[in-house]
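Step one of this worksheet: look at the structure below.
Every number here is computed from the coordinates shown, using simple stated rules; none is lab data. Everything numeric in this text was worked out from a predicted model, so none of it was measured. Here the Cβ is made from the backbone with ideal geometry for all residues, glycine too, and neighbour counts use every protein chain on show.
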Protein chains: 2
Amino acid sequence: MMSLPPAPIPAPPPLRALPRRLAALVALSLGCAMTLPPPARAEEATPMTAQQSDPATLGWMVGAPPPADKIIRFSDGDYFTFPKLRWTVCHFRQLMPTIGVGRGLGPLRFFERKIDDSIEGLSFMPLGSTKPMTFGDAFDVNYTDGLVILHKGVLIYERYAGCLDETGQHAAMSVTKSLTGLLGEILVAEGTIDDKAKVATLVPELAGSAFGDATVRQVLDMTTGLHYSEDYSDPNADVWIYSAAGSPLPKPADYKGPRSYFDYLKTVRKEGEHGAAFGYKTINSDALGWIIVRVTGKSVATLLSERIWSRMGAELDAYYTVDSIGTPFAGGGFNAGLRDLARIGQLMLGGGMLNGERLIPEAAIAHIRAGGDPAKFAKADYPLLKGWSYTGMWWITNNPNGAFMARGVHGQAIYIDPAAQMVIARFASNPVTSNAANDPTSLPAYAAVADYLKDK
Amino acid sequence: MMSLPPAPIPAPPPLRALPRRLAALVALSLGCAMTLPPPARAEEATPMTAQQSDPATLGWMVGAPPPADKIIRFSDGDYFTFPKLRWTVCHFRQLMPTIGVGRGLGPLRFFERKIDDSIEGLSFMPLGSTKPMTFGDAFDVNYTDGLVILHKGVLIYERYAGCLDETGQHAAMSVTKSLTGLLGEILVAEGTIDDKAKVATLVPELAGSAFGDATVRQVLDMTTGLHYSEDYSDPNADVWIYSAAGSPLPKPADYKGPRSYFDYLKTVRKEGEHGAAFGYKTINSDALGWIIVRVTGKSVATLLSERIWSRMGAELDAYYTVDSIGTPFAGGGFNAGLRDLARIGQLMLGGGMLNGERLIPEAAIAHIRAGGDPAKFAKADYPLLKGWSYTGMWWITNNPNGAFMARGVHGQAIYIDPAAQMVIARFASNPVTSNAANDPTSLPAYAAVADYLKDK
């Protein structure tokens, strides 16, 4: 009658022994696009195709036990390098501790389904190219693991590859931020949080940090002035300390740094002025996550389940990775099913209504769709995102259709086009971290589908 | 657009530095009842009541961050000591990596519900006592987290406490073994596995171990002769090596032992003869898990989902904890919702039928219900389980009602009484590991309900 999961058996190499390649990777992955070099040229030199790098083809974690060179472990540090990451994006819970976002006990509400076979052949011109490409070709070019399109709430396109199918969960990466931002905007719209309040008045522990005298709105819009270096060639860069703080693994005996996301946030120093410019930094989302749990008593995982996941007819539970004190990673730890990601898009498109029920105050969505300040956004200098803005942790294209997005590294996306009444949800495992690598074959592809649907 | 879960940051104390108290605990929890001293008297001396030790009352992991003395971490090693374990039983996924057992995309099938208010007041005589107790009183006495009773498939009793409610998952502990055994019996009944085959013919890696010349049937019935010490006062006991092998945490640099459940199983030496006596040892279940994945190409998690979880109208996904190479802990790592645990009981009661559909070959259930060899069981000397037997990793009471059970430490149970057409599913977090502590206030309570229902 006796058996238990194993007791913790201590271990690994000291922090200083971490390979430099790993350091680079972590920084890359946590980092902000602007301070990074252009999309990894080494990877581009000899890229395996989507088919060649398919996890099933490569046999990651297949066998009992898998061959030694096919095992992917969190502690080995290379679990998020290409091509291993193509397996990892579907299996975070097997590598790390997680917290569930329950779908509750309500019925599953499937989308009405009318597959439109002509979408695969829609042609578009990739940014910076003179050679057209079809929507179907872009699927593999972008190492897409799954893509769903809704038109007027009806599922008209659905395709899976790699590690994903309709019963699996996939890493949403920084799409996580948009969910955290959405929860924040809900609380603002409901009057639970005053977005003009200084962060220190809500989370006194942040009073001594750069966040202390920032407003909640500045955090929501990522216009905080933060000293936060993501120079991956510098072993003392902030991104390193952040990464160490958030690791769920035990810290080395001689470790002196912060031991959780919250601990890290308290140490962030100010750089420049708040409110002056958009600066995309993951730590804003975790600061917002702290504000949310402090104000509501509920973590982003619990609140997301209560407010949305358990009420939208989700097909699958979702989950977040957690740090060593159980805090969900509000900046990038979310994992979910693709159709459920599309449901979030449909909820945004519907102004907070889904299946005839209001889940979110209309004002919260309206605020996001109105967008942030394009002038502040322009200072961040995204060559491919000219004229865009950012607010509530969503990306606003400011195009004529009023499209807006949630975006995560390696190609995660929710693209909502109100004029076309279209939602696109995509999971991917592009070898290149930055979306600057896949935007040229994604953004115009989305626009082409919108053009096609607009007349229907 | 960039953010990632944190990279692994190495750390903890060397193996030898693990506190002795932890050593004792791990051994206790993994260990076999027979080689252990009577239920921990120290704990019995000053026990907190169920109410006093309620996780919400004690505030484990409450707050953002929780106070330092309210944080429960896997690596701290005391996560499964009382009273912390009362939180942990509902939150294993927040402490360890896990693998999902998906419920699929089918509809939830709720039990018909006719609550019988008289059950709470049913009286029974605890074993070894002269003072009667009511069923309702036994709930807290046994630190029950949830208990469901089905009669003829109708839900007639449901009560939760502690960390659990109808939307949560709870550790099943060694009830896991019965699910592993059930999968094994299914494969035997279908002819996929010959239960007379020697283990080495199916898993050649086990040829040099004690399992090599055991038959699958001996593994299924735990009549293998294994040298496997669970003397927790001995720091070199096998249970220690097993625990270290199965830990998902990185191993210390100087660690020389086995690095996974499979690696450990290869090292087990023979003691005595196979087939002579029942000897309850967790490693049999993990050996069976290895046989299952080798024969089917599917881990117990995947197979359980495909064969049962996705077909029974489960209300919740379930999950297993995994070791560092992703192997589900087939001996004790299962976690599920209480009603779904009851569904398993109903499936067993129905001879493999549920909701009018056959999920399991009748022969598999028939074999289990026929029981094992009581003479072999008697040699294991369970004073409270006189006349019982064990087969297919299920406990057979051999009472006149033909009742049989799945049992896990700290009070986990599925109790199936065919004569009364009754299923009881219980999750608990009793401070005492061995079920010998709660059997006196559980087994006669179950029998009392069966007596009550038999005439209805």
Could you give me the ³J(HN,Hα) list for segment A:419-425, computed from phi with Karplus coefficients 6.51, -1.76, 1.60 and θ = phi - 60°, whole Hz, x at Gly and Pro?
-> 5, 8, 6, 10, 10, 10, 10
For the pairs B:266/B:298; A:281/A:379; B:177/B:266; B:196/B:281; A:196/A:386, note any where the Cα-Cα span goes beyond 25 Å.
-> A:196/A:386
Using alpha carbon centroids, what distance separates segment A:129-148 and segment A:402-454, in Å?
-> 11 Å
Of the candidates B:199, B:338, A:355, the farthest towards the positive dipole end of the protein assembly as shown (Lys/Arg Cβ +1, Asp/Glu Cβ -1, centred on the Cα centre) is B:199
Obtain the nm distance between the two label points defined at residue A:57 and residue B:137 by a simple spin-label model: each point lies 7 Å from its Cα along the Cα-to-C-beta direction.
-> 6.9 nm
5 angstrom amide H check on residue A:145, placed H, neighbours 5+ away | A:427, A:428, A:429
Name the residue farthest towards the positive end of the dipole of the protein assembly as shown from the options B:58, B:250, B:364, assuming +1 on Cβ of Lys and Arg, -1 on Cβ of Asp and Glu, about the Cα centre.
-> B:250
Length gain on complete extension for the stretch residue A:207 to residue A:271, per 0.36 nm per residue less the alpha carbon to alpha carbon distance?
-> 21.5 nm
Counting every C-alpha pair in chain A, the percent lying more than 33 Å apart is 32 percent
Going by the alpha-carbon gyration tensor, a ≥ b ≥ c the square roots of its eigenvalues, is segment A:166-290 rounded (a/c under 1.5) or, if a/c is not under 1.5, prolate (a/b greater than b/c) versus oblate?
-> oblate
What is the mean number of Cβ atoms from other protein chains located within 10 Å of the Cβ atom of each residue in peptide B:166-175, rounded to a whole number?
-> 3
Computed ³J(HN,Hα) along segment B:214-227: with the Karplus parameters 6.51/-1.76/1.60, θ = phi - 60°, integer Hz and x for glycine or proline, the list is 7, 8, 4, 4, 5, 5, 4, 9, 6, 10, 5, x, 10, 7
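Given N residues in segment B:235-281, what is Rg(Cα) / (2.2 N^0.38 Å)?
Values: Rg = 12.8 Å, N = 47, 2.2 N^0.38 = 9.5 Å.
Relative to the 2.2 N^0.38 Å estimate, segment B:235-281 comes out at 1.35.
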Size descriptor, Kirkwood hydrodynamic radius, that averages inverse alpha-carbon separations across the protein assembly as shown, Å | 28.4 Å
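Would you please classify the overall shape of segment B:257-351 from the alpha carbon gyration tensor, given that a ≥ b ≥ c denote the square roots of the eigenvalues, rounded means a/c under 1.5, and beyond that prolate means a/b larger than b/c while oblate covers the rest?
Details: a/c = 2.30, a/b = 1.56, b/c = 1.47.
In terms of gyration-tensor shape, prolate.
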For segment A:183-216 and segment A:334-392, what is the separation of their C-alpha centers, rounded to whole Å?
-> 20 Å
Taking a straight Cα-to-Cα line shorter than 17 Å from residue A:152, and setting aside same-chain lysines fewer than 8 residues away, one finds A:114, A:454, A:456
Residues whose built amide H sits under 5 Å from the amide H of residue B:155, excluding neighbours closer than 5 in sequence, are B:112, B:113, B:114
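How big is the dipole moment of the protein assembly as shown about its Cα centre under a simple scheme where the beta carbon of each Lys and Arg is +1, that of each Asp and Glu is -1, and everything else is neutral? Debye, nearest 20, please.
Details: 84 positive and 90 negative charges, 79 e Å.
Here the protein assembly as shown has a charge dipole of around 380 debye.
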Once you put a point 7 Å from the Cα of residue B:355 and another 7 Å from the Cα of residue A:117, both along the Cβ direction, what distance in nm separates them?
-> 3.3 nm
Per the C-alpha gyration tensor (a ≥ b ≥ c, the square roots of its eigenvalues), segment A:343-431 is rounded if a/c is under 1.5, else prolate if a/b beats b/c, else oblate; here it's oblate
In Hz, Karplus ³J(HN,Hα) per residue of segment A:83-95 (6.51, -1.76, 1.60; θ = phi - 60°; x = Gly, Pro) = x, 4, 4, 5, 7, 4, 4, 9, 9, 4, 5, 7, 10
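Which order results if B:198, B:386 are arranged by neighbouring Cβ count within 10 Å, fewest first?
Starting with the residue having the fewest Cβ neighbours, the order is B:386, B:198.
Restrict the search to segment A:110-173; then list the GluC sites (Glu not before Pro) that DSSP places in a loop and that have at most 12 other Cβ atoms within 10 Å of their Cβ. Mind dumping the intermediate values first?
Details: sites: A:112, A:120, A:158, A:166; in loops: A:112, A:166.
Sites meeting the loop and neighbour criteria: A:112.
With charges only on Cβ, +1 for K and R and -1 for D and E, what is the dipole size of chain B about its Cα centre, in debye, rounded to 20? Each step should come with its number before you reach the end.
Values: 42 positive and 45 negative charges, 111 e Å.
The calculated dipole for chain B is roughly 540 debye.
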